[in-house]
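For reference, the structure is listed below as structure tokens.
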Amino acid sequence: MKTHIVKIENDYYNDDLKKCANILLKDGIGAFPTETVYGLGGNGLSPTAVKKIYEAKGRPSDNPLILHISDLNMLNTITTNLNENSKKLIDAFWPGPLTLIFEKTDIVPNETSGGLKTIAVRFPKNEIAQTLIKLTGKPIAAPSANISGKPSPTRFSHVEYDLFNKVDFIIDGGNCSFGLESTIIDCTSNTPIILRPGSITKEMIESVIGNVMLDKSLLKSEYSEKAIAPGMKYKHYAPNADVVLVKSLDVPKTINELALALKNENKKIGILCDISNVKNYDNQKYVVQVLDDNNLYHSLRKFDFLNVDIVYAEFLQENDANLALMNRLKKSANYNIIEQ
Ligand code: TXA
Ligand code: MG
């Protein structure tokens, strides 16, 4: 398959974007930027298009997709029984990096919802994404535009690396502003549950609808098969290197000791650290990257590119603001944590 590359700077209504919309309307698939990560889109109401998405990503078909919309009328065609909590969250955070779970209507095919009776929906803020969806007039199913199991793409180059010649088009819209996937919240039962943390934090959500719970799998420090969000059971975000999370009262000291021991075995070492600790690591000896939301996936990909064997990452405090970052980092480390 030949991939058509489209670069958008600020003319969101140019002919190239219309061509991309037409490709989607003919059951083609293509990648586009959002404010969280790049998405791999297709017509979410077309089983043919959705099957192509799963195939291009190599994603298990029981892991449901998020439908992306560009206005609330679209929401009413694909969901039913909108409750008060959902309405309040929509008012407060849409368009933006928040995905809500709803009861689905019959027009949403089982291929999209992974056989569930519910459907995940997001109204992205990114203007290229919004315009593309508007031009198709369809809810666009879009998982992150990476090969399944690899870090989500936050830059055009990441998508190109994973999906060139596997999709009909890739839109280059620059770097994503948040860099971690959207927060997912399920409000279909009485107590809303955060299934995946993101930049809309628990405290931000609670300021709008009161108490919410964190899915049990998010509280554990181990791999869990019984996570509620179906996708949570798959290994995610993993680079080729082994990632080890390090918890210690003096983290730079501990990581430097661990790294030095391995360096003597001729291993290539990567370090992910808080910005305030960068100065504590020798960037001549190690590949040192700053650990923050915006840079995590790029760093993981960079370690792969530079053939790093092992990555030591600082375990940051799991407060409200860091919850999403630490959740993704724990997964990329496969919950391999050293405490000293
Ligand atoms: O920021 C994002 O959400 C990005 C951009 C492209 O919008 N998309 C994204 O999609 O991260 P994906 O497919 O990589 O992750 C979707 C997650 C999966 O973990 C999936 O299991 C969960 O949403 N999900 C989808 N439908 C669900 C449902 N009905 N109930 C519970 N979880 C659901
Ligand atoms: Mg993903």
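Things to note:
- Residue in region 326-340 that is within 18 Å of the chain's Cα centre (by Cα) and at positive phi present: yes
- Contact annotation: residue pairs with Cβ atoms under 9 Å, 6 or more positions apart or on different chains, pairing a residue in region 200-219 that is among the charged types (D, E, K, R) with a partner that is modelled with pLDDT under 95 and part of a helix (DSSP H, G or I), are Asp215/Met232.
To keep it simple, each residue is scored yes or no on (1) closer than 24 Å to Arg155 by Cα; (2) without any contact (Cβ under 8 Å) to a residue 12 or more places away in the chain; (3) under 28 Å from the mean Cα position of the chain (by Cα).
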{"position": "Ser248", "(1), (2), (3)": "no, no, no"}
{"position": "Pro252", "(1), (2), (3)": "no, no, no"}
{"position": "Lys268", "(1), (2), (3)": "no, no, yes"}
{"position": "Cys273", "(1), (2), (3)": "yes, no, yes"}
{"position": "Asn280", "(1), (2), (3)": "no, no, no"}
{"position": "Gln289", "(1), (2), (3)": "yes, no, yes"}
{"position": "His298", "(1), (2), (3)": "yes, no, yes"}
{"position": "Ala313", "(1), (2), (3)": "yes, no, yes"}
{"position": "Leu323", "(1), (2), (3)": "yes, no, yes"}
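- Close Cβ contacts (under 7 Å, 6 or more residues apart or on different chains) running from residues in region 97-125 that are free of Cβ contacts under 8 Å to residues at least 24 places away in the same chain to residues that are near ligand 1 (Cβ under 9 Å from one of its atoms) and basic (Lys, Arg) comprise Lys117/Lys104.
- Some residue of region 49-62 being away from ligand 2 (no atom under 16 Å from the Cβ) and crowded, with 23+ Cβ neighbours inside 10 Å: yes
- Residues that are more than 23 Å from Gly58 (Cα to Cα) and surrounded by 23 or more Cβ atoms within 10 Å (Cβ to Cβ), drawn from region 130-149: Leu132, Ile133, Lys138
- Thr34 meets the stated requirement of being within 16 Å of Lys134 (Cβ to Cβ) and not hydrophobic (A, V, I, L, M, F, W, C).
- Of everything listed in (1) surrounded by fewer than 20 Cβ atoms within 10 Å (Cβ to Cβ); (2) within 12 Å of ligand 1 (Cβ to nearest atom), the single unmet condition for Leu82 is (2).
- Check on Asn73, at negative phi, outside any strand (DSSP E or B) and either touching a Lys or Arg at 6+ places or on another chain (Cβ under 7 Å) or away from ligand 2 (no atom under 16 Å from the Cβ) (or both): yes
- Among the residues making up region 88-108, those that are more than 22 Å from Pro197 (Cβ to Cβ) and either of a type in the set (Lys, Arg) or crowded, with 19+ Cβ neighbours inside 10 Å (or both) are Lys104, Val108.
- Condition check for Leu75: touching a strand residue (DSSP E or B) at 6+ places or on another chain (Cβ under 9 Å) and more than 20 Å from Thr131 (Cα to Cα): no
- Scope region 113-139; condition within 15 Å of ligand 2 (Cβ to nearest atom) and under 19 Å from Asp27 (Cα atoms); matching residues: Gly114
- Within region 190-211, the residues that satisfy the criterion of being away from ligand 1 (no atom under 15 Å from the Cβ) and aliphatic (A, V, I, L, M) are Met204, Ile205, Val208, Ile209.
The values are calculated or read from the model by the stated rules, or taken from the named source; none is laboratory data. Just so you know, these numbers come straight off a predicted model, no measurement behind them. A quick note on method: Cβ atoms are made from the backbone with ideal geometry, for glycine too, and the neighbour counts reach across all protein chains shown.
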